[in-house]
Amino acid sequence: MIDDELYLASQYIHQIAEQVTRMGSPLPDWFSQLQQMGPTGELEIQQLSLPDFKRLILEAVNVTNNTAFGLLVGERLLISSHGLLSYVSSKSVSPKEALELIARYLPLRTSLMTAKLEHTKTHTRFVLIENCDLEEASQPVIEAITLTIKNLFEYVTMGLCKVDGVSIASNTPSHLSLSEQLFRCNVTYQASWNGFEVPHELLNIAVRASSSKALFEAVHRCQDELTRLAKSQKLSAQVRSIMLERQNNLPSLAVIARMLNLTPRTLHRRLIDEGSSYRDIIEYVRHQLAMDYLLDQQITIKEIAFMLGYSDLASFRRAFKRWTGKTPSEYRTNSVKLT
């Protein structure tokens with residue numbers, strides 16, 4: 001069983017609630033009851049479970065009657081709301097370094113997504129990967145995160161490196177025009193990936209004078225915070241993050257145990273204590289990655305089976321039908337019909 005643990009910086013939760021009230025709508029009663037008086041006298045909510053977070057997003061979209069709710073949240077997030085992420089990325093000397101730092105330290109702000117860089121012939125892509133099944137809340141959450149990270153990237157590169165295009169894997173929404181206005185570039189929905197891309201020729205321009213000491217200090221602070229978060233995070237969540245980071249070669253229990261400085265037996269026992277297991281987690285990760293890969297028509301189903309560590313195509317087909325009730329071919333065909 002996959003746990004419902006969620007890490008999301010409190011500033012983001014506050015901004016979601018603020019956006020609801022700003023649009024003249026009431027906050028859900030159950031959410032209001034979770035709020036507590038903070039040290040400055042303002043109402044605060046420090047944390048939500050994953051089911052509560054998804055419920056909040058869906059109810060926010062419903063009560064405001066606005067499918068672009070995620071975009072509106074992402075647009076209003078200030079650079080300062082990103083904490084150490086904005087601090088370390090502001091020490092980058094080039095767009096390439098900024099992308100690398102944002103991808104590496106995104107976990108400081110949320111466990112909802114991880115990021116990686118991919119390279120095509122002409123562009124570098126900042127790719128967002130869902131760490132959990134957001135279900136119907138996926139589109140507004142991805143739109144919000146993609147927009148706010150794009151804004152952060154263009155801010156720390158001082159406007160010298162503009163994003164060339166945005167890709168969103170979900171269906172084309174009724175607010176497409178608004179989406180392109182807020183992203184200020186071409187937005188492709190029903191894509192095979194989530195994120196944005198930047199032309200290669202812009203990546204190595206100098207955006208500020210180099211200061212190795214300032215960058216070292218910022219990275220050191222981020223690493224310390226990552227260590228602190230890892231200690232407070234459930235072991236099953238750490239294992240899931242490791243697998244998603246190494247999605248093209250899913251590590252074995254023994255390899256993950258070594259990475260976490262544990263014996264395989266200890267790792268197995270602690271996962272069981274949390275109500276999880278290595279098998280549960282790898283099944284979950286394979287399920288999520290399989291659905292993502294099947295959206296890309298250029299990857300064959302046989303290649304996907306191999307990428308996910310299956311010894312043969314039949315085993316992958318059986319597993320996928322168990323997860324979704326459909327064969328991989330049926331799932332891919334249905335996805336194409338929606339485009």
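Before moving on, here are some points about what is shown:
- Cα centroids of segment 162-213 and segment 57-110: 13 Å apart.
- Computed lengthening from Ile299 to His119, 0.36 nm per intervening residue step minus Cα-Cα distance: 63.2 nm
- Two-site FRET efficiency, Thr21 against Ser49, from Cβ-Cβ distance with R₀ of 22 Å, rounded to 0.05: 0.50
- Table column - 3J(HN,Hα) (Hz), segment 76-91, Karplus curve with 6.51, -1.76, 1.60, x for Gly and Pro: 8, 5, 6, 4, 5, 6, 8, x, 4, 5, 6, 5, 5, 5, 6, 8
- Computed over segment 66-202, relative contact order equals 29 percent, with contacts defined as Cα pairs under 8 Å that lie 6+ residues apart.
- On the beta carbon distance between Ser177 and Trp30, with R0 = 30 Å, the FRET formula returns roughly 0.35.
- Residue separation of Cys185 and His200 scaled by 0.36 nm, minus their Cα-Cα distance, works out to 3.7 nm of gained length.
- Spin-label model distance (nm) - Met158 vs Arg318, 7 Å beyond Cα toward Cβ: 6.0 nm
- In Hz, Karplus ³J(HN,Hα) per residue of segment 140-155 (6.51, -1.76, 1.60; θ = phi - 60°; x = Gly, Pro): x, 5, 5, 4, 5, 5, 4, 5, 5, 6, 4, 4, 4, 4, 5, 5
- At full extension, Leu58 and Glu330 could sit 95.1 nm farther apart than now, given 0.36 nm per residue minus the alpha carbon distance.
- Choice from Tyr293, Tyr189, Tyr310 showing the highest fluctuation, given a GNM over the chain with Cα pairs closer than 10 Å: Tyr310
- Relative contact order (percent, whole number), the chain, Cα cutoff 8 Å, 6+ residue spacing: 17 percent
- Here the spin labels are modelled as points 7 Å beyond Cα on the Cα-Cβ line, and at Met259 and Ala9 they lie 2.4 nm apart.
- Alpha-carbon Rg with Dmax, taken over segment 234-338, Å: 15.0, 47
- For the chain, a crude dipole built from +1 on the beta carbon of Lys and Arg and -1 on the beta carbon of Asp and Glu, taken about the Cα centre, is about 940 debye to the nearest 20.
- Quick note on segment 166-288: its Rg to Rh ratio, both from C-alpha atoms and Rh being the Kirkwood radius, is 1.10.
- Hydrodynamic radius by Kirkwood, which averages 1/r over all alpha carbon pairs of segment 88-220, in angstrom: 15.3 Å
Since every read-out is calculated from the coordinates, none of them should be taken as a lab result. Nothing here was measured: the structure is a model prediction, and the numbers come from that model. A quick note on method: Cβ atoms are made from the backbone with ideal geometry, for glycine too, and the neighbour counts reach across all protein chains shown.
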